[in-house]
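Data first, discussion second: the structure below is written as structure tokens.
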Amino acid sequence: MSKFIFSLFAVIALSSFTTQTKPQAGPTPFREIFTDNYTFTFFNNCSGEEVEITGTETHEIFGVINDGKIRYNSKVTVNQRGLGLTSGKLYTGHAEDLFSEHISTNGALYVTNTLSKGILATAGGDNNIKFSYSFHVTVDANGNVTVLKGESEFGCQ
């Protein structure tokens, strides 16, 4: 959900930019790469313990602004290290999020596709968290959600 909110903020910011600037003579490509570091603690239902996670997210955003339309793709790569606060076990994690979005400021059309998958692993069996989800949303010029599809999987392995 936080990734979806992040992508909506990116689209709103880009939409603002294109509606406040003069029409472009042609396509304007853009590319941005940034990194975010974080630490948090959560309860791992698969191992039955609190785990403190330290991670790095690398965001790569690239696209084109052309004639009141924005198309962009985003890839977020997540690498994590964790420590089981009860067992002292070390955890490693990796995830990848892929976003593809299109917004037309002329016709107020918004389309997004998202695919995400990852794993947080430690030694032993049935204590690794594995997840994946995908969704597609289309919003028409009247603000109606005309397509909303999604799938998700979460489990211990």
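The values are calculated or read from the model by the stated rules, or taken from the named source; none is laboratory data. All of these numbers come straight from a predicted model, not from anything done at the bench. Neighbour counts are summed over all protein chains in view; Cβ atoms, including those assigned to glycine, are modelled from backbone coordinates with ideal geometry.
Is it the case that the range 140-151 has a residue that's under 29 Å from I33 (Cα atoms), of a type in the set (A, V, I, L, M, F, W, C) and either touching a Gly at 6+ places or on another chain (Cβ under 9 Å) or surrounded by 14 or more Cβ atoms within 10 Å (Cβ to Cβ) (or both)? The answer is no, given that none of the residues of the range 140-151 is under 29 Å from I33 (Cα atoms), of a type in the set (A, V, I, L, M, F, W, C) and either touching a Gly at 6+ places or on another chain (Cβ under 9 Å) or surrounded by 14 or more Cβ atoms within 10 Å (Cβ to Cβ) (or both). Residue count for the range 115-132 under the criterion of being surrounded by 19 or more Cβ atoms within 10 Å (Cβ to Cβ) and touching a Leu at 6+ places or on another chain (Cβ under 7 Å): the result is 3.
Do we find that G125 is more than 21 Å from F40 (Cα to Cα) and either of a type in the set (A, V, I, L, M) or at pLDDT below 95 (or both) in this structure? Yes.
State whether one or more residues within the range 124-131 are more than 30 Å from K89 (Cβ to Cβ) and either free of Cβ contacts under 8 Å to residues at least 24 places away in the same chain or not basic (K, R) (or both). Checked the range 124-131: no residue is more than 30 Å from K89 (Cβ to Cβ) and either free of Cβ contacts under 8 Å to residues at least 24 places away in the same chain or not basic (K, R) (or both).
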